[in-house]
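Participant: Sharing a structure, written as structure tokens. Questions coming.
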Amino acid sequence: AILDDEGNTYYHDEATGASQWEHPAGLDGSAGGDEDHGSLSAEEEVGSSDEEEEEKRKDGGEREAKARSEESSVSLPSLGRGLGSAAAEEELLELKGFLSKLVLGNDFSGGTHGDSPALTVSLAITNLASASFGELNKLQPIGETVLSKWNKELEWLLLPIQQIVVMQPAVQRSSDGTFVEVMEKRLRDDIRTQLPRLTEVDQKLCALHARFTPEDLGIEYSKPNSSEKKWWRQTPSVPNPPPPRLREGLLACAKAAMHAQREAREVNQSVIASMPVPPAYMLSLPDNVKDVLGRAMAKSLKAKAAQATSSYMKAWKVRDAMTAAAMIAKLQHAHIIWGKKLEEANAKAEAGGGGSGLSLRDAKAEHQRGRIRCEELAKALRRLWPEAPQTPMEVAKIRENLDVGMAALEALSRVLQGRASVLISLLTDACEAGGIPWPQEVA
């Protein structure tokens, strides 16, 4: 009897060289042949069938456990895959230096001045995107070298967050066929849902750039003109009117780029909203909303009769991204202040003090209305001005955040949103040159 690599038993006849899975006659050395060993007794058959059933149940439990393990496991970096020994060794040295920066928090003195792991990962993703895509100033495919570097180092940076798991109850089938409740590891909900969305956005943006080849949507560019509005950027040469195929292709790319930008923005806003506001930043804010927005605006936002969003936009006279960012920052501050006042009102209500019940309910309702409208108006400004920079509160959240998973998701969504904005700007120039009306963004 011989065991193979998988633990299966088969039988080999040294005299004839034949192999078989069945138990051969006379294997134990007796001369009885078929008459003594050709068949099994009834008791042996029953025992054999019981053993087979036991093996089947055991195999089924092992397969289920293996499937769950594969579901919760992550792929390791493809270090040296498909490379020669010299190239693989070079990549290994690169990975060592890469990980050293992350562990030291960019403090190579080995002291205590390094960044937190979360901030280190965030800065690394930001710097990688800037080095890879900072020079994209026209509609063209991204180079293979750039894409390879981006995919490889991004895979390294995202590997830690794919190890962030939570323990959740699950039902497991044991070897005897019974079901038991166990605790198993699962990727954290925000990483499991948001990371695939961002990966899809990244692939979509790369695919859009890949379309601008001479065989598909090739666009010629002339040298920058100092008299042009965007004097630093090459001018696209698009026929006016353009061929139908080029027109339809540019419009399709514009819609896809706007959709990618919206996806990345939604993830970024969701992640930042889940980050806590640093206590030091909250203490730096004034006590009253009127000191932030003015008495008239604060009264309008918490009134029962809400004004239309467009009326607020006209009153604020937002004409560029920087003004939009400043207004978003004020709304965020008002949202925090009203939130603090709402917590104080709730604490007074629980303690049974703070004036009459009616006045306390009215105050709580006003604070809640103000918070909701501030949040809605801030989101509306973000939609109108997606290129607006991050506000001081958002920067403080990112700097003080200690969650590596949130830091990676925020940084990746931010750089993808920036790439989509650059692509939209390039497509806008091409459409303007060809007299193509810009498509409306589809919700």
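Participant: Using θ = phi - 60° and the Karplus relation 6.51 cos²θ - 1.76 cosθ + 1.60, list the HN-Hα couplings for the stretch 330-347 in order, rounded to whole Hz, with x at every Gly or Pro.
Facilitator: 5, 5, 5, 5, 4, 4, 5, 5, 5, x, 5, 5, 5, 5, 5, 5, 5, 5
Participant: Work out how much length Gln368 to Ala210 would gain on full extension: take 0.36 nm times their residue separation and subtract the Cα-Cα distance, in nm to one decimal. Before the final figure, lay out each step's value.
Facilitator: Details: separation 158, 0.36 × 158 = 56.88 nm, distance 4.79 nm.
Gain in length upon complete extension: 52.1 nm.
Participant: Expressed as a fraction of 2.2 N^0.38 Å, the rule-of-thumb size for a compact globular protein of N residues, what is the C-alpha radius of gyration of the stretch 330-443?
Facilitator: Computed over Cα atoms of the stretch 330-443, the ratio equals 1.56.
Participant: Right, another one. Pop out the ³J(HN,Hα) list for the stretch 181-194 in order, Karplus 6.51 cos²θ - 1.76 cosθ + 1.60 with θ = phi - 60°, rounded to Hz; leave Gly and Pro as x.
Facilitator: 8, 10, 9, 10, 7, 9, 4, 4, 4, 5, 6, 5, 8, 8
Participant: Assuming 0.36 nm per residue, please report the length gained on full extension of the stretch Arg197 to Asn346 beyond their Cα-Cα distance.
Facilitator: That works out to 49.8 nm of additional length.
Participant: Under a plain spin-label model, where a point goes 7 Å from the Cα along Cα-to-Cβ, how far apart in nm are Val103 and Phe179?
Facilitator: Output for this residue pair reads 4.5 nm.
Participant: Give the calculated FRET efficiency between Ala296 and Thr126 to the nearest 0.05, with a Förster radius of 45 Å applied to their Cβ-Cβ distance.
Facilitator: Efficiency, rounded to the nearest 0.05: 0.70.
Participant: In nm, to one decimal, how far is the modelled label at Arg245 from the one at Trp231, with both set 7 Å along Cα→Cβ?
Facilitator: Once both label points are built, they end up 3.9 nm from each other.
Participant: Could you report the stretch 102-142's accessible area per residue, 1.4 Å probe, as an integer in Å²?
Facilitator: I get 52 Å² per residue for this part.
Participant: Would you mind checking which residues have amide H under 5 Å from Tyr221's amide H? H placed 1.01 Å from N; only 5 or more apart, or other chain.
Facilitator: Ser237
Participant: Provide the per residue accessible area, probe 1.4 Å, for the stretch 217-266, rounded to a whole number of square angstrom.
Facilitator: 60 Å²
Participant: What relative contact order, as a whole-number percentage, does the stretch 139-278 give when Cα pairs under 8 Å and 6 or more residues apart are counted?
Facilitator: Details: 106 pairs, mean separation 29.6, N = 140.
Taking the mean separation of contacting Cα pairs over the length of the stretch 139-278, I get 21 percent.
Participant: Another question, then. Mind checking Rg over Rh on the stretch 130-279, alpha carbons, Kirkwood formula for Rh?
Facilitator: 1.15
Participant: Here's a follow-up. Name the long-range amide H neighbours of Glu184: under 5 Å, sequence gap of 5 or more, or other chain; modelled H, no Pro or chain starts.
Facilitator: Gln168, Ala170
Participant: Report the local net charge at Glu400: Lys and Arg +1, Asp and Glu -1, summed over other residues whose C-beta lies under 12 Å from its C-beta.
Facilitator: It works out to a net charge of -1.
Participant: Go through the stretch 390-401 residue by residue and turn each phi into a ³J(HN,Hα) via Karplus (6.51, -1.76, 1.60, θ = phi - 60°); whole Hz please, and just put x for glycine and proline.
Facilitator: Each residue's phi maps through the Karplus curve to give 6, 7, x, 5, 5, 5, 5, 4, 5, 5, 8, 5 Hz.
Participant: Ignoring any ligand, DNA or RNA, what whole percent of the accessible area of the stretch 353-443 comes from carbon and sulfur when the probe is 1.4 angstrom?
Facilitator: C and S fraction of accessible area: 58 percent.
Participant: Any idea how far the Cα center of the stretch 222-254 sits from the one of the stretch 206-221, in Å?
Facilitator: Between the Cα centres of the stretch 222-254 and the stretch 206-221 lies a distance of 12 Å.
Participant: Using the heavy atoms of the protein chains and a 1.4 angstrom probe, tell me the accessible area per residue for the stretch 356-403 in square angstrom. Don't jump to the answer; show the numbers that get you there.
Facilitator: Values: 2600 Å² over 48 residues.
In whole numbers, the stretch 356-403 has 54 Å² accessible per residue.
Participant: Also, quick follow-up: Apply 1/(1 + (r/R0)^6) to the Cβ-Cβ distance of Lys304 and Leu360, taking R0 = 25 Å, and write down the FRET efficiency to the nearest 0.05.
Facilitator: 0.90
Participant: Summarise the accessible area of the stretch 153-255 (1.4 Å probe, protein heavy atoms) by the percent that is carbon and sulfur.
Facilitator: Looking at the stretch 153-255 in its full context, I get 55 percent from C and S.
The values are calculated or read from the model by the stated rules, or taken from the named source; none is laboratory data. Values in this document were obtained by computation on a predicted structure and should not be read as measured data. Here the Cβ is made from the backbone with ideal geometry for all residues, glycine too, and neighbour counts use every protein chain on show. Ligands, DNA and RNA are excluded from the accessible area calculation, which covers all protein heavy atoms including side chains. Shrake-Rupley method; radii C 1.70, N 1.55, O 1.52, S 1.80 Å.
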